[in-house]
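So that we are looking at the same thing, I have put the structure below in structure tokens.
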Amino acid sequence: MENEKHRQENPKEIEAAKKSGENVLGSSVKMTKKVFMNKHQRLNKKPSIGYKGYSGKPKSLLKKKPLSIVQEKNPAQLIGGAKKSGQKQDLSNKVESLKRVVDNKAAEKVASLNPKTKKAVYAKKMLEMVINTIGRDANGSLNLIGLILSIVIIFSIVLATAPLLPIIVILAAIIAIFLAIWSFLVGLFTIKTENMALEEAYRLVTYMDAETNQNIHNLYQKYSLDQNVDQVKFTVNGFAANAEDFLYSTDGDKFLYYLNAKYEDYDIDNKVDKNNYFNVTTVRQEMQALHKEGFHYTDDGIKTEKVKETTTVYDPDTGKEETKEQIVEKKVATINVSITSLTQVVDEHPSIMTVDQRDKFFPIQDLPQFVNKIALGNPLGKNKYATVTEKYGYRGRNTDSWDNYVRIRATKGDPVYATAKEEVDEISGGTVENFGPQKLKVIYKNLTNIKVREGQNLNEGDLIGYTAINGIDMSIKENRTLHKDPNLYPSAYMDRLSYQFPGNDGTLLPGGGLTGDLIDPPASVSKWRDLAQKYCDQNNISKYVNLVLAIIWEESGGDSQKNPDIMQSSESAGHKITNPEESIQAGTKLLASLIKQGKDDQVLDIAVLQAYNYGSGFLDWLKEKNFKYSFETGKNYAAEKAKSKTIAYANPIAEKMGYSWRYAYGNMFYVKLVTQHITQETGELVNIAKKEVGMSNGSKYWEWFGYNGRIEWCQIFVSWVANQAGYDADGLILKTASCITEVDYLKKNARYKEAVSGYIPKSGDLIFFDWSGTRTGKDHVGIVEYSDGKTVQTIEGNSSDMVKRNTYNINDINISGYGNMSGGEG
């Protein structure tokens, strides 16, 4: 580090300062300020933190907070600091001594001049003083005012003896003062503070998200409407996904951490070294390149592919079915989406940041907030957590507008409290605007029964009012004089927040359930939920509400205009139904009677669903034959009733199974058709975990466990979910923070299944990972949402510091094994 004391006393630098007309006192203050800043940085420099092979101590040894943007001190504070260290008097003496030398030499030289020349010299010095005062920027370079005055000086030399020179000088000074005042006023409207720069950087990330999501969706729609395309393949990180649902949201805070660690500045319009990893010239361009590295897509165009198709043909002469496979050519369009976190991008490309910058970037992500930015508490109350459900900036696929608030989840009627010492400025409708700390203006929206008045002073925790809807909108602006208050990024200033933004990675959820969740039902189906619930409750089959809705979906699509008998219940009712409510009433009554018969006959519920299509005689037939339900038994019943007569049948479900026909009795595919709309039953463990997807910052879970600071929290998340579901009380899952302890416990209780054993995990099982491939299960744990035998979909805590869904190939070498929660064999 440069020796600042030597620099201040260097005679050559003092002489250079004299020649340039530099204000010595101002220069000394700047130097003192730099000494202070360097000292501050030394005192706050955190220990080097190792990350995947980088230098320094392990993360677990981190004691200090990472370096945040250093808050600048004003000159008065800096001089005060010098006084405390015994330097102020020394500095003043040096300045005074230098001033006497300069004044004496200048007086001697001026005394030797004739009167006219003296006048020119004094005029020139006056202009130089004005230039040094208002004609230079913070770096000492001439600004517009300084340039004008410099031209005046040149003319003053030429006109040194002119009688109008004093008038010219005075006019020039007046013009300069006017321009300075004008520049100051303009600055009030244009100056960009650090707070505004941080907001602009975050907003840029949200815009890039919305733009990429929009482009992907538009491309998919283009191919979907193209009559020359037989199939559109859509993948996310190599796995098949649903393009209609896909909507990704980048963690914008990590980009702010990146700017903090790399530049200690959030201004994205700053220039950067051209010889950098991305070969860009501004920070904005660097962020754009980083974003594209982490979230992008490829359009592989339309290609002819050979696809294997299986068909099943029935021969009425022999009464046998013949299965044939054939290769057909199809026009296939492929869109591949790639998603990688910023942390992983930086990890995989070491040259993006220096070692010191990386040692700041990785540890700072462990903190729940921008430590130097927190000024406000939680509007839902002290020491409470709040979940942000709508992000600041651009949302979804919309690049045309941005939102200047975050929405915080709340229940209608929840109390809302002041977040700091605030003064109520304005109350309008359901909005309260308060002056807060650090020139912040805190705005609360969607309130009712407001309890404060304009001009009232509040302390943190004072009641403001109550939520009028299921959420409160929080905006933060910077209070500016003679300026429209600029919007800031609220989450950077509010404590104890977690995030659950709307989004969908397009994961294909499995169908095949009876009482699971509906998979993205259309509005034409969802609108009948209340009636379905009403009549299911009346018939004591409340848990089958989604099954009733799935039947409506398959029978009529819920369109009562085309067919008022939306559950096809006329036959069971004994008359033609012309009212959708009557159809639901009759349909649920029939379903309830079949469920009761199925229980009496000890047949599976899924057989009951096929009986809804075939009639109750199907259940009698199963009992008589002592058969269990399967697709084959259902098909054989239809063949018997239809006397082997077949009809052509085109349906995607049938096609996937190799059929282009069905028997001419009922629909042997009915179970598959209805249950494709319902997720497989997952049990309480998965149901609870699903509600947590999208949560970031695991403090909610590790504080429940008993930790005051951050800890790796994947197993803690599993323990938390188990506690909510009552699994820990049943002894199925331990309350522990250690993956290997959980593995040992499961092995001891004969519930652990090695990945190499061929076990197919079931919904609700635990899944353990070892990133070295040695299959110990020590590194990570998640909860299995489902598996089809080829892939396994999970819900994991502490996945990129979030609760996330992930999908793996079931033969992934990093999968160690599974915790069997059902007790059955796979």
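The values are calculated or read from the model by the stated rules, or taken from the named source; none is laboratory data. These figures come from a predicted structure and were not determined experimentally. Ideal geometry is used to build each Cβ from the backbone, glycine not excepted, and the neighbour counts take in all protein chains shown.
Check Leu380, Leu342 and return the single one that is closer than 30 Å to Gly413 by Cβ, of a type in the set (A, V, I, L, M) and crowded, with 18+ Cβ neighbours inside 10 Å.
That would be Leu380, the only listed residue that is closer than 30 Å to Gly413 by Cβ, of a type in the set (A, V, I, L, M) and crowded, with 18+ Cβ neighbours inside 10 Å.
So Cys536 ticks every box in (1) closer than 24 Å to Tyr665 by Cα; (2) surrounded by 18 or more Cβ atoms within 10 Å (Cβ to Cβ) but one. Which box is left unticked?
Condition (1) is where Cys536 drops out.
Okay, moving on. Can you find, within the stretch 311-339, the residue that is surrounded by the fewest Cβ atoms within 10 Å (Cβ to Cβ) among those that are closer than 30 Å to Leu259 by Cα and of a type outside the set (S, T, N, Q)?
Going through the qualifying residues, I end up with Ile339.
Further, regarding this structure: Which condition number does Ala550 fail, the rest of (1) among the aliphatic types (A, V, I, L, M); (2) assigned to a helix (DSSP H, G or I); (3) over 30 Å from Lys628 (Cβ atoms) being met?
Among (1) among the aliphatic types (A, V, I, L, M); (2) assigned to a helix (DSSP H, G or I); (3) over 30 Å from Lys628 (Cβ atoms), the lone unmet condition for Ala550 is (3).
Pick out, from the stretch 457-518, the strands (runs of 3 or more DSSP E) lying fully within it that include 2 or more residues that are modelled with pLDDT under 85 and hydrophobic (A, V, I, L, M, F, W, C).
By residue number, no strands (runs of 3 or more DSSP E) qualify.
Let me ask something additional. Would the stretch 663-673 turn up any residue that is touching a strand residue (DSSP E or B) at 6+ places or on another chain (Cβ under 7 Å) and of a type in the set (Val, Ile, Thr)?
Within the stretch 663-673, none of the residues are touching a strand residue (DSSP E or B) at 6+ places or on another chain (Cβ under 7 Å) and of a type in the set (Val, Ile, Thr).
Please work out which residue is surrounded by the most Cβ atoms within 10 Å (Cβ to Cβ), limiting yourself to the stretch 767-824 and to residues that are within 20 Å of the chain's Cα centre (by Cα) and of a type in the set (A, V, I, L, M).
Val803
Has the stretch 469-485 got any residue that is acidic (Asp, Glu), crowded, with 18+ Cβ neighbours inside 10 Å, under 29 Å from Thr206 (Cβ atoms) and without any contact (Cβ under 8 Å) to a residue 40 or more places away in the chain?
Looking for residues that are acidic (Asp, Glu), crowded, with 18+ Cβ neighbours inside 10 Å, under 29 Å from Thr206 (Cβ atoms) and without any contact (Cβ under 8 Å) to a residue 40 or more places away in the chain, one finds none in the stretch 469-485, hence no.
Still on this structure, I have one more. How many of the residues making up the stretch 734-766 are touching a helix residue (DSSP H, G or I) at 6+ places or on another chain (Cβ under 9 Å), surrounded by 15 or more Cβ atoms within 10 Å (Cβ to Cβ) and hydroxyl-bearing (Ser, Thr, Tyr)?
4
Residues checked against (1) assigned by TED's automatic domain parsing to the domain that holds Tyr659; (2) among the aromatic types (Phe, Trp, Tyr); (3) under 19 Å from Val229 (Cβ atoms); (4) surrounded by 13 or more Cβ atoms within 10 Å (Cβ to Cβ):
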{"position": "Thr282", "(1), (2), (3), (4)": "no, no, no, yes"}
{"position": "Glu286", "(1), (2), (3), (4)": "no, no, no, yes"}
{"position": "Ala289", "(1), (2), (3), (4)": "no, no, no, yes"}
{"position": "Glu293", "(1), (2), (3), (4)": "no, no, no, yes"}
{"position": "Tyr297", "(1), (2), (3), (4)": "no, yes, yes, yes"}
{"position": "Lys303", "(1), (2), (3), (4)": "no, no, yes, no"}
{"position": "Lys306", "(1), (2), (3), (4)": "no, no, yes, no"}
{"position": "Glu309", "(1), (2), (3), (4)": "no, no, yes, yes"}
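Exactly one of (1) closer than 30 Å to Leu367 by Cβ; (2) buried (at least 16 other Cβ atoms within 10 Å of the Cβ); (3) at pLDDT 90 or above is unmet by Lys690. Its number?
In the conditions (1) closer than 30 Å to Leu367 by Cβ; (2) buried (at least 16 other Cβ atoms within 10 Å of the Cβ); (3) at pLDDT 90 or above, Lys690 misses (3) alone.
Where the second residue is assigned to a helix (DSSP H, G or I) and the first is within 19 Å of Val307 (Cα to Cα) and lies in the stretch 212-241, which pairs have Cβ atoms under 6 Å and are six or more apart or on separate chains?
From residues that are within 19 Å of Val307 (Cα to Cα), the pairs are Val229/Tyr223; Val232/Tyr223; Val232/Ser224.
Please determine whether any residue of the stretch 743-761 is over 25 Å from the mean Cα position of the chain (by Cα), within 27 Å of Ser498 (Cα to Cα) and either of a type in the set (Lys, Arg) or part of a loop (DSSP other than H, G, I, E, B) (or both).
Among the residues of the stretch 743-761, not one is over 25 Å from the mean Cα position of the chain (by Cα), within 27 Å of Ser498 (Cα to Cα) and either of a type in the set (Lys, Arg) or part of a loop (DSSP other than H, G, I, E, B) (or both), which makes the answer no.
Residues of the stretch 621-635 being within 14 Å of Val608 (Cα to Cα) and in a helix (DSSP H, G or I), which ones?
Matches in the stretch 621-635: Trp621, Leu622, Lys623, Phe631, Thr633, Gly634.
Check Lys735, Lys804, Lys700 and return the single one that is touching an Asp or Glu at 6+ places or on another chain (Cβ under 8 Å) and at pLDDT below 90.
Result of the check over Lys735, Lys804, Lys700: Lys804.
Which of (1) of a type in the set (Asp, Glu); (2) under 16 Å from Lys421 (Cα atoms); (3) surrounded by 15 or more Cβ atoms within 10 Å (Cβ to Cβ) is the odd one out, the single condition Glu454 does not satisfy?
(3)
Can you find a residue that is surrounded by fewer than 21 Cβ atoms within 10 Å (Cβ to Cβ) and modelled with pLDDT under 90 anywhere in the stretch 256-263?
Looking through the stretch 256-263, none of the residues is surrounded by fewer than 21 Cβ atoms within 10 Å (Cβ to Cβ) and modelled with pLDDT under 90.
Residue-by-condition table, conditions (1) over 15 Å from Phe669 (Cα atoms); (2) touching a residue at least 24 places away in the same chain (Cβ under 8 Å); (3) among the polar types (S, T, N, Q); (4) outside any helix (DSSP H, G or I):
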| residue | (1), (2), (3), (4) |
| --- | --- |
| Ala586 | yes, no, no, no |
| Leu591 | yes, yes, no, no |
| Val603 | yes, yes, no, yes |
| Gln610 | no, yes, yes, no |
| Asn613 | no, yes, yes, no |
| Leu619 | yes, yes, no, no |
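If Asn687 satisfies all but one of (1) in a loop (DSSP other than H, G, I, E, B); (2) within 30 Å of Gly511 (Cβ to Cβ); (3) polar (S, T, N, Q), what's the number of the condition it fails?
Failed condition: (1).
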